[in-house]
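The values are calculated or read from the model by the stated rules, or taken from the named source; none is laboratory data. The structure presented is a predicted model; accordingly, all values stated were derived computationally and were not measured. Here the Cβ positions follow ideal geometry from the backbone for every residue, glycine too, while neighbour counts run over all protein chains shown. Each accessible area value is taken on the protein alone, full model and side chains, heavy atoms only, with ligands, DNA and RNA left out. Shrake-Rupley method; radii C 1.70, N 1.55, O 1.52, S 1.80 Å.
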Amino acid sequence: QLRIYRSDKIVGKPVIGYVNHFPVFYFPFITVPIKRGRYPGFLIPSPDYNNIDGISIRDIAYYYPYKDYADFTLGFDLMEKTGWKAKFDSEYIKRYAFKGNLNASFQHGIGSTGVNNDWAVQGRHHQDLPERASLDANLNFISNKRIWQSSGDLDQSLAQRLSSSLSYSKPLGSSYFSAGSSFTQDLVNDTASLSLPSASFSLSSRPVSELFGLSSDSWLSNLNYRYSTSLEHTGLIKEKKYSLGDLIWNNSYDPADTTGTTFINEHHLGMRHNFGLGLNYKLMGWLNLSHGLEASEVWM
């Protein structure tokens, strides 16, 4: 028996599934939505099989749309040989404001080495800020590559490094300021490298007369200045279980090296300044003369 509720759903009862005329499952009734647009509800799971997980049922999930801005999906995978996995996926966008996505998963895995609890977080975010500034974030973290062992995504299966970054940029008049940080996991050697923070500022060539409020007829209008600076802090982390202090600044020597010259965690900080002056003028109406002075300083 079948009943159709227009623009809503189809309800059928009883429902029997056959394979080659052999009944394999039975439902007293089943409901199939036929609504248009986005609306909350359970998704249809997908049966699967591979040599690692065995028989599995993937994407036992609930979908929830939030207004016109975002979609949320909470789901589970059940695997015969390797346990279960919980997943959360979201995409969001608001025009002229922000956009991005977030994917998180937790896996309770059963393997030859025992029970393992692994997690992964991936996401991207872009936000437009006032005065033409912008903020961008890229998240890519996993606790162990075991969580991607049976992934059908080739990039995940072959991944050797994962990079995360955060950056901020803002125009300042005719100049530009940018700052950011990055973190890279080496999944092969089990090490990490980071840049925290990394910042730069540049001021293009401007007439010195602007600094003193002088007219363009002043001889100082032919004298130009420019300035740029950059700052960077880098770290290489070889500690297997590192703390927040190891990421920010702590240097640690290798206890196996009696000479005390090998680092497990190593950090470096540097800052560079560049300053320039230039004078351009015309002599006797036909001879162009140019003089320049450059200064550079580095702190390490």
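Only helical DSSP H runs with n ≥ 4 go in: add -39500 (n - 2.57) per run for the chain, normalise by residue count and round the 222 nm mean residue ellipticity to 500 deg cm²/dmol.
On the way: 3 runs with 13 residues, N = 300.
Mean residue ellipticity at 222 nm (helix-derived): -500 deg cm²/dmol.
Kindly rank 157-163, 122-128 from highest to lowest mean number of other beta carbons found within 10 Å of each residue. Let's see the in-between values first.
Working: 157-163: 12.9, 122-128: 15.7.
Order by mean packing, descending: 122-128, 157-163.
Looking at the stretch 232-273, which chymotrypsin sites (Phe, Trp or Tyr not before Pro) are in a loop (DSSP not H, G, I, E or B) and have at most 14 other Cβ atoms within 10 Å?
Working: sites: TYR242, TRP249, TYR253, PHE263; in loops: TYR242, TRP249.
Hits after loop and neighbour filter: TRP249.
Give me the one-decimal nm value for the distance between modelled label points at MET284 and TYR176, 7 Å along each residue's Cα-to-Cβ direction.
Result: 4.3 nm between the two label points.
Return the FRET efficiency for the residue pair GLU131, SER204: r is the Cβ-Cβ distance, R0 is 22 Å, and the value is rounded to the nearest 0.05. Intermediate results must be reported in sequence, preceding the final value.
On the way: r = 18 Å, r/R0 = 0.84.
Computed FRET efficiency for GLU131 and SER204 comes out at 0.75.
Could you compute Rg(Cα) / (2.2 N^0.38 Å) for the chain, with N its residue count?
Details: Rg = 30.2 Å, N = 300, 2.2 N^0.38 = 19.2 Å.
For the chain, the normalised Cα radius of gyration comes out at 1.57.
Dividing the alpha-carbon radius of gyration of the stretch 163-298 by 2.2 N^0.38 Å (N being the number of residues), what value is obtained? Walk me through the numbers on the way to the answer.
Numbers: Rg = 22.9 Å, N = 136, 2.2 N^0.38 = 14.2 Å.
Here the answer is 1.61, to two decimals.
By a straight-distance test (C-alpha under 14 Å), which aspartates and glutamates pair with LYS238 as possible cross-link partners, with residues fewer than eight away in the same chain excluded?
The reachable aspartates and glutamates, counting only those whose Cα sits under 14 Å from LYS238, are ASP186, ASP190, ASP246, ASP254, GLU266.
Over the stretch 42-174, what portion of Cα pair distances is larger than 25 Å, expressed as a whole percent?
Working: 3394 of 8778 pairs.
Summing the P(r) of the stretch 42-174 above 25 Å gives 39 percent of all pairs.
Which lysines, on any chain, are close to LYS170 with Cα under 30 Å apart, when same-chain ones fewer than 8 places away are left out?
LYS94, LYS99
I want to check the label-to-label distance for ASP153 and GLU80. Put each point 7 Å from Cα in the C-beta direction and report it in nm to one decimal.
In this crude label model, ASP153 to GLU80 measures out at 2.6 nm.
Please check: in the Gaussian network model of the chain (C-alpha springs, under 10 Å), which one of SER221, SER193, SER105 has the largest mean-square fluctuation.
Maximum fluctuation in the GNM of the chain, among the listed residues, is at SER221.
List the trypsin sites (Lys or Arg not before Pro) in the stretch 189-266 that DSSP assigns to loop (not H, G, I, E or B) and whose Cβ has at most 14 other Cβ atoms within 10 Å. Which are they?
LYS240, LYS241
Starting from the Cα coordinates of the stretch 20-95, work out the convex hull volume and express it per residue in Å³.
On the way: hull volume 11.7 nm³, N = 76.
With only Cα atoms used, the stretch 20-95 gives 155 Å³ per residue.
Once you have the Cα-Cα distance between ASN117 and SER296, take 0.36 nm times their residue separation minus that, and quote the gain in nm to one decimal.
Working: separation 179, 0.36 × 179 = 64.44 nm, distance 5.18 nm.
Taking 0.36 nm per residue and subtracting the Cα distance, the gain is 59.3 nm.
For the stretch 1-63, what number results from the quotient of the Cα radius of gyration and 2.2 N^0.38 Å? Mind dumping the intermediate values first?
Details: Rg = 15.1 Å, N = 63, 2.2 N^0.38 = 10.6 Å.
The value comes to 1.42.
Using a probe of 1.4 angstrom, how much of the accessible area of the chain is carbon and sulfur, in percent?
Values: 12130 of 20660 Å².
Using a 1.4 Å probe with all protein chains present, the chain comes out at 59 percent carbon and sulfur.
Given H placed on each backbone N at 1.01 Å, which residues far from TRP249 in sequence or on other chains put an amide H within less than 5 Å of it?
none
With +1 on each Lys and Arg Cβ and -1 on each Asp and Glu Cβ, how big is the dipole of the chain about its Cα centre, in debye rounded to the nearest 20?
1400 debye
Under a crude label model (7 Å from the Cα following the beta-carbon direction), how far is TYR49 from PHE98 in nanometres?
Spacing of the two 7 Å Cα→Cβ label points: 4.5 nm.
Applying the Karplus parametrisation 6.51 cos²θ - 1.76 cosθ + 1.60 with θ = phi - 60° to the phi angles of the stretch 57-66, what ³J(HN,Hα) value in whole Hz is obtained for each residue in order, glycine and proline being reported as x?
Here the 3J(HN,Hα) series is 10, 10, 6, 7, 9, 10, 10, 9, x, 10 Hz.
Averaged per residue, what accessible surface does the chain expose to a 1.4 Å probe, in Å²? The partial results should precede the final answer.
Details: 20660 Å² over 300 residues.
That works out to 69 Å² per residue.
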